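Read the structure below first, then the notes.
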């Protein structure tokens, strides 16, 4: 299963956030973009439960 996650980020923390996101094993690509969102994250998971766990335990942790 593949997913694209859109993130609104603090401009002062954008570079560090992208670096940390790219270090997550399930994350395949990280894009800095312009517009409504600041970052797009492309990730893979084998099960929806795995996707939810990565989102909750890894990706959302970075945003805090």
- request: Please give, to one decimal in nm, the separation of the simple spin-label points placed at residue 56 and residue 2, each 7 Å out from Cα toward the Cβ.
  value: 2.6 nm
- prompt: Once every DSSP H run of n ≥ 4 in the chain is given -39500 (n - 2.57) and the sum is divided by its residues, what mean residue ellipticity at 222 nm do you get, rounded to the nearest 500 deg cm²/dmol?
  reply: -7500 deg cm²/dmol
- line: Between residue 16 and residue 48, Cβ-based FRET efficiency (R0 22 Å, step 0.05) works out to 0.15
field: Equivalent ellipsoid dimensions for the range 2-63 as semi-axes, Å, which come from the Cα gyration tensor, largest first
entry: 19, 12, 10
query: Counting alpha carbon pairs within less than 8 Å and at least 6 residues apart, what relative contact order, in whole percent, applies to the chain?
result: 40 percent
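FYI, it's all coordinate maths here, none of it is from the lab. Small disclaimer: the values here were computed from a predicted structure and weren't measured. Ideal geometry is used to build each Cβ from the backbone, glycine not excepted, and the neighbour counts take in all protein chains shown.
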